[in-house]
1. On the given criteria, is G17 on the phi > 0 side of the Ramachandran plot, crowded, with 16+ Cβ neighbours inside 10 Å and out of contact with any Gly (no Cβ under 7 Å at 6 or more places or on another chain)?
2. If I filter the stretch 99-108 for residues that are part of a helix (DSSP H, G or I), modelled with pLDDT of 90 or more, touching a helix residue (DSSP H, G or I) at 6+ places or on another chain (Cβ under 7 Å) and among the aromatic types (F, W, Y), do I get at least one hit?
3. Counting only residues that are of a type outside the set (G, A, S) and without any contact (Cβ under 8 Å) to a residue 12 or more places away in the chain, how many does the stretch 34-59 have?
Amino acid sequence: MIAVGDVVELLMGLVVGVLSGLLGIGGGVILVPAMVYLLSVEQHTAQGVSLAVIVPTAVVGAITHYRHGNVLPRLAVGLGLAAVVGAVVGAWLSAMLDDDVLHRAFGALVVFVGARMILADLWVKR
């Protein structure tokens, strides 16, 4: 028998996969808050699960975009290597922060990036 939680998890994964492929996001922007608020997962755990989910999602999305000519391999490798180093440092720093502080920092980053994208779009259209 399928539990309600299983259905929620499957729907979350499907939505994240579609948005990841469509918008080029890793899914964490949607998946982390969804796990925290819908599944009552702690912030640190939600971020860890999100990072694990990103691996297969990113690989499939990257292959599909590569086939459409939308990947610059040299740029992707350079950014990827630097991002691996950054991920190690970020995960280490994350472990030192309280769950509430990390939760607020994540929210502030999402709001900042969203506002920046909206304002940049408005500025360009003038």
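The values are calculated or read from the model by the stated rules, or taken from the named source; none is laboratory data. Here the structure is a predicted model, which is why all the values come from computation and not from measurement. Positions of Cβ are generated from backbone atoms using ideal geometry, with glycine treated the same way; all protein chains shown enter the neighbour counts.
1. Details: on the phi > 0 side of the Ramachandran plot: no; crowded, with 16+ Cβ neighbours inside 10 Å: yes; out of contact with any Gly (no Cβ under 7 Å at 6 or more places or on another chain): yes.
No.
2. Narrowing the stretch 99-108 to residues part of a helix (DSSP H, G or I): 99-108.
Applying the additional criterion that residues be modelled with pLDDT of 90 or more yields 99-108.
Among the residues that remain, those that are also touching a helix residue (DSSP H, G or I) at 6+ places or on another chain (Cβ under 7 Å) are: 99, 102-103, 106.
Among the residues that remain, those that are also among the aromatic types (F, W, Y) are: 106.
Yes, there is a match, as at least one residue in the stretch 99-108 is part of a helix (DSSP H, G or I), modelled with pLDDT of 90 or more, touching a helix residue (DSSP H, G or I) at 6+ places or on another chain (Cβ under 7 Å) and among the aromatic types (F, W, Y).
3. Qualifying residue count, the stretch 34-59: 6.
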